[in-house]
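These notes concern the structure reproduced below.
The values are calculated or read from the model by the stated rules, or taken from the named source; none is laboratory data. Predicted, not measured: the structure shown is a model, and the values here were computed from it. All Cβ positions, even for glycine, are placed from backbone atoms using ideal geometry, and neighbour counts span all protein chains on display. SASA here: full protein model, heavy atoms, side chains in, ligands and nucleic acids out. Shrake-Rupley method; radii C 1.70, N 1.55, O 1.52, S 1.80 Å.
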2 protein chains.
Amino acid sequence: MAQYYVGVDVGGTTVKMGMFSDTGELLEKWEIPTRLEEQGSYILPDIVDSIEEKRETFPGNIKGIGVGIPGPVSNDGTVLKCANLGWDVFSVSNKLADLTGVGNVKVGNDANVAALGEMWKGGGRGYDSIVMVTLGTGVGGGIILQGKILTGCNGAGGEIGHTKVNPDETAVCGCGNRGCLEQYASATGIVNMAKKNLRGDSCLAGQEITAKAVFDGAKAGDAYCLEVVDAFGKYLGLALSNVAHVVDPEAFVIGGGVSAAGQIILDVVEKYYNENSMFALKNKKFHLAELGNDAGIYGAVRMVLFK
Amino acid sequence: MAQYYVGVDVGGTTVKMGMFSDTGELLEKWEIPTRLEEQGSYILPDIVDSIEEKRETFPGNIKGIGVGIPGPVSNDGTVLKCANLGWDVFSVSNKLADLTGVGNVKVGNDANVAALGEMWKGGGRGYDSIVMVTLGTGVGGGIILQGKILTGCNGAGGEIGHTKVNPDETAVCGCGNRGCLEQYASATGIVNMAKKNLRGDSCLAGQEITAKAVFDGAKAGDAYCLEVVDAFGKYLGLALSNVAHVVDPEAFVIGGGVSAAGQIILDVVEKYYNENSMFALKNKKFHLAELGNDAGIYGAVRMVLFK
């Protein structure tokens, strides 16, 4: 009888799901809404119902279910409070195993799980130790060492966005501290930097400033945009260098909406990474993420497949 | 027949060695000189001869040999060049296994191995994930996650001393970069900071400045010494906070000659660690190292015992 594995990526608005073969091929992907009512108590039952419906198309045994969650998760699959979903502390893996009868259930933080997905099938293919950084509204991070997610003892491993890169900063980060990477390398951070000393001779003057506009301007040679991109690279390169001095990965993968700007990001980050790194750590590989929104379902299924 | 395990800590001047029981008890420790002649080619044979001599006192089987080396070592026991010993790239574990006939040989970087020793029998007892920082002439680091050394892909994991804590620094670190933790938290770094703006009203004026004198002055209430200690704590607290955002350990262990100053170090480092850390990472445990120069032989033997 055919054997299937399910990858689940729980977000604040939708739950992305994928049905995979036992060789790791994505057979079908789909989404369901994330129902936040009643402290998110419908979310897991909705996932279970949705898997059950798909079994009409894929009759056979479900051999494993992997899940990414937007919050800290301990090594044993316990969610340590997840404000985004209304969840308090409980074992998501035990609960899902009870609801489905599937014993092989693994749960991880969504940024960590996406990093695992990129290593398996995306920009980190061919490596077994990578650091992934996701540049979106915020800055997320995920670290994979020798094929395994670095979870940390409170599920806070890989929180690269809140490493400090500017001890002189006076503005406050969302986390309550000052000078975090997220204040300069997220989409919001890039826009804030661009607005700060905006000059009339820049192409940004008089238009709505977005991270994309900054990178487009830099590619077109706009001097002010180039300065902002340089500052972005300086902070991100420094942060990734500090991370390398801790975990010494084979490669970095850069993803999230901001990474759509492409090669210009790799170039400026690599430059400042190498400037800040000791000899043994220079010249690491830098790649763009490739799986986009599917990284989560790939990484989720990878946790329960090929263990 | 009795079974023994040998822990070896190779330094640039002496090789420290320990004979352990199969329950992990240190039965005897001793030292031999490190002979650096002929590109360090006598070092391993000298170790083997010394173990052989001790077998008269401890007749039985040697079941494992663990070794710490003052340079980068890959996960498979290959030394990736060790300038301190004159060694080029070769597999120390294979070579020692050949020379002794003992199959169970493990080799690690000395700072990483000392961290493992402190976790097993020293300041990190009771934890399985710690970050150790050694404040000596330089600043070394070792990271243990779930009981295993974080080696990194080029053996450069845990190089905490060269994470950057001061992007504005103009003076150059031994590694060639600027603003590394080592420039402020090593014994040398503390002395440099103390000399920089030395005031005539400080107890340090007119005496030879050492790290110990700075901490002694601070304990006696000398205002200038307190400023220097505060700067030391600011940089070390920031660096350890950045490391925590990457690996999220249970605890920190602070060792090396500087740590002899005691509780004053833990107090100032914890203060700045918490100031820099996001909520989930605040209030980690901080401990002083306890094994001193024996941390290396303990950690070395731990690599081959209770695997």
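Structure notes:
- Summing charges over all other residues whose Cβ lies under 13 Å from the Cβ of A:Asn109, with Lys and Arg as +1 and Asp and Glu as -1, gives -2.
- Shielding value for A:175-188 is 2, the average number of Cβ atoms from other chains within 10 Å of each residue's Cβ.
- One equal scatterer on each Cα of the stretch B:145-261, no solvent, Debye formula: the resulting log10 I(q)/I(0) at q = 0.11, 0.23 Å⁻¹ is -0.42, -1.34.
- Taking amide H as placed 1.01 Å from N in the peptide plane, A:Thr14 has its amide H under 5 Å from the amide H of A:Thr34, each at least 5 places away in sequence or on another chain.
- For A:143-150, mean number of other protein chain Cβ atoms within 10 Å: 3
- Computed from the C-beta positions of A:Glu37 and A:Lys285, the FRET efficiency with R₀ = 41 Å rounds to 0.35.
- For the peptides B:123-134, A:131-142, residues were scored by their other Cβ atoms within 10 Å and the scores averaged per peptide; the highest-first order is A:131-142, B:123-134.
- Comment: the Cα-to-Cβ extended label point of A:Asp22, at 7 Å, lies 4.1 nm from its counterparts in the other copies, nearest first.
- Kirkwood radius for the stretch B:104-191, taken over all pairs of different Cα atoms as the inverse mean of 1/r, rounds to 13.7 Å.
- Per the accessible-area calculation with a 1.4 Å probe, the total area buried between chain B and chain A rounds to 2900 Å².
- Beta bridges from DSSP with both residues in chain A: antiparallel share about 55 percent, rounded to the nearest 5.
- The stretch B:286-307 and the stretch A:89-108 have Cα centres lying 38 Å from one another.
- Averaging 1/r across all pairs of distinct Cα atoms in chain A and inverting the result yields a Kirkwood radius of 20.1 Å.
- Pairwise centroid distance, computed over Cα atoms, of the stretch B:125-178 with the stretch A:119-135, Å: 24 Å
- Residues listed by number, the stretch A:265-307, amide nitrogen under 18 Å from B:Asn192 label point at 7 Å toward C-beta: A:276-279
- Efficiency of FRET between A:Thr170 and B:Thr14 - r from beta-carbon atoms, R0 45 angstrom, step 0.05: 0.35
- Protection-proxy order for peptides B:292-299, A:199-206, B:226-233, B:80-87, each taking the mean of Cβ atoms within 10 Å per residue, highest first: B:292-299, B:226-233, B:80-87, A:199-206
- Dimensionless Rg over Rh [the protein assembly as shown; C-alpha; Kirkwood]: 1.01
- Calculated Rg and Dmax of the stretch B:1-80 using C-alpha coordinates, Å: 13.1, 38
- The angle separating the long axis of helix A:263-276 from the principal Cα axis of greatest extent in chain A is about 70 degrees.
- The relative contact order of chain A comes to 21 percent, based on Cα pairs under 8 Å that sit 6 or more residues apart.
- Across peptide B:125-132, the mean count of Cβ atoms from other chains lying within 10 Å of each residue's own Cβ comes to 1.
- Taking only alpha carbon atoms, the stretch A:1-149 gives an Rg to Rh ratio of 0.95, where Rh is the Kirkwood radius.
- Backbone N within the stretch B:214-248 under 13 Å of label point (7 Å from B:Asp267 Cα along the Cβ vector): B:215-222, B:226-227, B:229-230
- Comment: the Cα-to-Cβ extended label point of B:Lys148, at 7 Å, lies 0.4 nm from its counterparts in the other copies, nearest first.
- Annotation for A:Trp30 and B:Ser50: the two label points, set 7 Å from Cα along the Cα-Cβ direction, are 6.8 nm apart.
- Ranking by accessible area, most exposed first, for B:Phe58, A:Phe279, B:Phe90 with a 1.4 Å probe: A:Phe279, B:Phe90, B:Phe58
- Percent carbon-and-sulfur accessible area, chain A, ignoring ligands, DNA and RNA, probe 1.4 Å: 48 percent
- With the label put 7 angstrom out from Cα along the Cα-to-Cβ vector, A:Glu52 ends up 7.3 nm from the copy partners, going from closest to farthest.
- With contacts taken as Cα pairs under 8 Å at a separation of at least 6 residues, the stretch A:114-187 carries a relative contact order of 25 percent.
- The protection proxy used here, the mean number of other Cβ atoms lying within 10 Å of each residue, ranks peptides B:284-291, B:31-38, A:115-122, B:191-198 as follows, highest first: A:115-122, B:284-291, B:191-198, B:31-38.
- Descending semi-axes in Å of the stretch A:192-307, equivalent ellipsoid built from Cα gyration tensor: 30, 20, 10
- Cross-link pairs beyond the 29 Å C-alpha cut-off, checked among A:Lys284/B:Lys164; A:Lys121/A:Lys196; B:Lys121/B:Lys284; B:Lys195/B:Lys234: A:Lys121/A:Lys196
- Taking every C-alpha pair closer than 8 Å and separated by at least 6 residues, the mean separation divided by the residue count of the stretch B:213-299 gives a relative contact order of 34 percent.
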